[in-house]
Every structure is written in C-alpha cells, then in structure tokens.
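Inspection log for the structure reproduced underneath, given as structure tokens.
The values are calculated or read from the model by the stated rules, or taken from the named source; none is laboratory data. Model, not experiment: these values are computed from the prediction. No Cβ is skipped: glycine too gets one built from the backbone with ideal geometry, and neighbour counts run over all protein chains shown. Just the protein is used for accessible areas: all its heavy atoms, side chains included, with ligands, DNA and RNA removed. Shrake-Rupley method; radii C 1.70, N 1.55, O 1.52, S 1.80 Å.
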Amino acid sequence: QVQLVESGGGLVQAGGSLRLSCAASGRTFSSYAMGWFRQAPGKEREFVAVISRRAGLTYYADSVKDRFTASRDNAKNTVYLQMMSLKPDDTAVYYCAGGMEVGEWPVKEYSYWGQGTQVTVSS
C-alpha cells in the first residue's frame, strides 16, 4: 500500500512558477513510477507527466513540455512537479499517482492516487 499526499498548490499569476510535492508513505515508493495528472472544472482528468521509479525516464504531455519538470527523491519518498511559465489554462486540481512499470513506457495504469492540490493561475 502507498498513500500519497500532494502539497504546494496555490494562486499564482500567469508567467509565475510553483513546485508541487507528493509525499508517499510506505516502503515501496521506489518500486513505482510516479505520474502527475490534473483536472480542470468541467473537464476530464488528463495526464501531465510521469517519472520512472529510478528517475531515469520522464514523459510529458505536449501542453506542458518544456515548462514542467518532474523529479523525485526516493530517499525522501517524494516526487515533485516544477511548473514554470504558468498559464491560466494550467488551472486545475493536480494529482499524483503511483503505477508499476511493467515494460510499457510511459506507464498507463496507476494503482494509487492522492487527494489533489489546487493550482489557480490568474491572468
């Protein structure tokens, strides 16, 4: 079992930056690829980024590529999402999720989800 808790969300002006954190409990954190997703009001949840369990691989949605960076510190059981050049369209609840790497990259299925943290970007 892995429990995930996101933090770091808030209100920021367009062009600004935020860093989200996702703290995991459990000794198996390093066994999971960690993904970031977001859901805006009235929209479906969408994939944002994923980082492999040993941080050797990352993959990003086109909408955030070159602006967002996923990283992780397995010693701290924490994964991060550095968000730069934020746009109003980035406004959403952001979730982290853990999924097993079973040969396919990027990971498609996630077993564990956090509760989310709100990011609001004002214009």
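Structural remarks
- Residue within region 78-86 that is modelled with pLDDT under 95 and either within 15 Å of G9 (Cβ to Cβ) or touching a strand residue (DSSP E or B) at 6+ places or on another chain (Cβ under 7 Å) (or both) present: no
- For V64, the conditions (1) in contact with a helix residue (DSSP H, G or I) (Cβ under 6 Å, 6 or more places away or on another chain); (2) surrounded by 19 or more Cβ atoms within 10 Å (Cβ to Cβ) are fulfilled apart from (1).
- Positions within region 90-123 being part of a loop (DSSP other than H, G, I, E, B) and crowded, with 18+ Cβ neighbours inside 10 Å, in sequence order: T91, V107, Y110, G114, G116
- Candidate set from region 5-59 (those that are aliphatic (A, V, I, L, M) and closer than 15 Å to V107 by Cβ); member that is surrounded by the most Cβ atoms within 10 Å (Cβ to Cβ): M34
- Count of region 53-72 residues which are in a strand (DSSP E or B) and under 17 Å from L4 (Cα atoms): 3
- Subset of region 73-89 that is open to solvent by 30 Å² or more (accessible area, probe 1.4 Å) and part of a strand (DSSP E or B) - its residue that is nearest to W36 (Cα to Cα): Y80
- If you filter region 15-52 down to residues that are hydroxyl-bearing (S, T, Y) and in a loop (DSSP other than H, G, I, E, B), you find that the one that is farthest from Q118 (Cα to Cα) is T28.
- Taken together, A49, A40, A55 contain a single residue that is under 21 Å from G15 (Cβ atoms) and either of a type in the set (K, R) or without any contact (Cβ under 8 Å) to a residue 40 or more places away in the chain (or both), which is A49.
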